[in-house]
Amino acid sequence: MSHETWQEQLRRGSLDLAILLTVSDGPRYGLAIIQHLEAFTDLVVTEGTIYPILGRLTRDGLLSAEWVEGEAPHARKYYSLTRAGAKRLSTMKAEWRAFAEKIERLMASSERHAS
Amino acid sequence: MTLTETGESRINGYLFVLERSLGSFLPADVVRDAVREIESHVRERVASTDAMPNEREALERILAELGPPLRVAQAYSAERTIDEAVATGRVVPMLRAVWTLALRTFVGSAIATGLFSAYAAGIGFLAIAALKPIFPNNVGLIVRNGGPWQLGAQFPLPPGATVHGGYWIIPVSIACGVGVLVFAHTTTRHYLTAWGKRRRPEL
């Protein structure tokens, strides 16, 4: 596997978690989600590909979506975390931390042996 | 930035291509919603962008960051394929979903190989049933040099080969073909359903 493929898999694997985290503190519309992700990560490579993921998370019952008119000259589609989404987010966060901790331990051990 | 007529045409052209691309595999109401959301994104970006050095460059930058319409449509396709396959149970969406999963993981590609082979075997049996009445001397259980050699068709028959069995092979092939296809299709649907469930929360 090339380095780029590995990076791409990491990016894809963490996008769901990143999106759920972004809407966990309140409803956000698509562009606001993208801007938040861009401010904290480099996970968004092509902005337009975030919308199909938002659609899938909505179909899966993790997000709910609602069009809001009158707030701007154009309508905005707001996404909120559902109860199932909050439950899934909590599981994903715990799994991510446990995973990162194991890899960190492994790297620390490898570096100790190398020095 | 307020768009000129040229800028509006550029956006409309982008949305038109996106709509046409999405329309080839998504229901109309889903396409409408997706295009409305992408248009909202573009309008939002345009409203917050300075038209310097010129409108054309600013607009092209916005659309480049959004991604080409075919790329965006492709992303929708990748996310919808499996859901559509499980929901409809239609052959083409299911095969497309199996192919999509085959490209993602090693296990997916191994399962796809098995399922595509099963579909091919089923179609092969049905082809034997269809060809037997047309080419009775070339289709059936082919025996070569005294031993069974092939169940199928040969044009022309190789030297030393003879076709055994009569028209009884037609109902047997139909039964085997339908049986194998039903098995392949059911297994495919179970596989895709199981894959879909892995993503979903316990509601």
*Give segment B:30-41 a look and list any residue that's open to solvent by less than 50 Å² (accessible area, probe 1.4 Å) and more than 9 Å from chain A (Cβ to nearest Cβ), or say none.*
B:Val31, B:Val35
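Looking at this structure, is A:Val23 touching a helix residue (DSSP H, G or I) at 6+ places or on another chain (Cβ under 8 Å) and among the hydrophobic types (A, V, I, L, M, F, W, C)?
Details: touching a helix residue (DSSP H, G or I) at 6+ places or on another chain (Cβ under 8 Å): yes; among the hydrophobic types (A, V, I, L, M, F, W, C): yes.
Taking the combined requirement at face value, the residue satisfies it.
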*Is there a residue in segment B:160-177 that is closer than 30 Å to B:Thr105 by Cα and modelled with pLDDT of 90 or more?*
yes
*Only listed residue being more than 7 Å from chain A (Cβ to nearest Cβ) and acidic (Asp, Glu), chosen from B:Glu44, B:Glu60, B:Glu65*: B:Glu60
*Taking segment B:68-94 on its own, how many of its residues are within 15 Å of B:Thr187 (Cα to Cα), open to solvent by less than 70 Å² (accessible area, probe 1.4 Å) and touching a residue at least 40 places away in the same chain (Cβ under 8 Å)?*
5
_A:Phe40 - would you say it is more than 14 Å from chain B (Cβ to nearest Cβ), closer than 29 Å to B:Pro69 by Cβ and of a type outside the set (Gly, Ala, Ser)?_
yes
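Give B:Ala110, B:Ala97 a once-over and let me know the one that is crowded, with 16+ Cβ neighbours inside 10 Å and touching a helix residue (DSSP H, G or I) at 6+ places or on another chain (Cβ under 9 Å). Let's see the steps before the verdict.
Details: B:Ala110 fails: crowded, with 16+ Cβ neighbours inside 10 Å.
Only one candidate qualifies: B:Ala97.
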*Run down A:Leu17, A:Leu37, A:Leu54 and say which single residue is farther than 19 Å from B:Arg43 by Cβ, in contact with a Leu (Cβ under 9 Å, 6 or more places away or on another chain) and crowded, with 19+ Cβ neighbours inside 10 Å.*
A:Leu37
*Please specify each residue of segment A:55-106 satisfying the condition of being in a loop (DSSP other than H, G, I, E, B) and within 9 Å of chain B (Cβ to nearest Cβ).*
A:Asp60, A:Gly61, A:Leu62, A:Ala72, A:Pro73, A:His74, A:Ala75, A:Thr82
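Being assigned to a helix (DSSP H, G or I) and within 19 Å of B:Ile62 (Cα to Cα) is the filter here, so list the residues in segment A:1-41 that pass it.
Within segment A:1-41, A:Gly30, A:Leu31, A:Ala32, A:Ile33, A:Ile34, A:Gln35, A:His36, A:Leu37, A:Glu38, A:Ala39 qualify.
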*In segment B:45-54, the residues that are surrounded by fewer than 19 Cβ atoms within 10 Å (Cβ to Cβ) and in a helix (DSSP H, G or I)*: B:Ala47
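Only residues that are of a type in the set (A, V, I, L, M) and modelled with pLDDT of 90 or more: list them for segment A:6-31, please.
A:Leu15, A:Leu17, A:Ala18, A:Ile19, A:Leu20, A:Leu21, A:Val23, A:Leu31
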*asked:* Return the residues of segment B:139-172 that are open to solvent by 50 Å² or more (accessible area, probe 1.4 Å), closer than 22 Å to B:Ile123 by Cβ, of a type in the set (A, V, I, L, M, F, W, C) and out of contact with any Leu (no Cβ under 6 Å at 6 or more places or on another chain); say none if nothing qualifies.
replied: B:Trp149, B:Phe155, B:Trp168, B:Val172
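Hey, among A:Glu95, A:Glu101, A:Glu66, which residue is open to solvent by 100 Å² or more (accessible area, probe 1.4 Å), closer than 30 Å to B:Ile38 by Cα and within 21 Å of the chain's Cα centre (by Cα)?
So the residue among A:Glu95, A:Glu101, A:Glu66 that is open to solvent by 100 Å² or more (accessible area, probe 1.4 Å), closer than 30 Å to B:Ile38 by Cα and within 21 Å of the chain's Cα centre (by Cα) is A:Glu66.
The values are calculated or read from the model by the stated rules, or taken from the named source; none is laboratory data. Since the model is a prediction, treat every value here as computed from it, not as a measurement. Counting neighbours? That spans all protein chains shown, and the Cβs are built from the backbone with ideal geometry, glycine included. Only protein heavy atoms, including side chains, enter the accessible area calculation; ligands, DNA and RNA are left aside. Shrake-Rupley method; radii C 1.70, N 1.55, O 1.52, S 1.80 Å.
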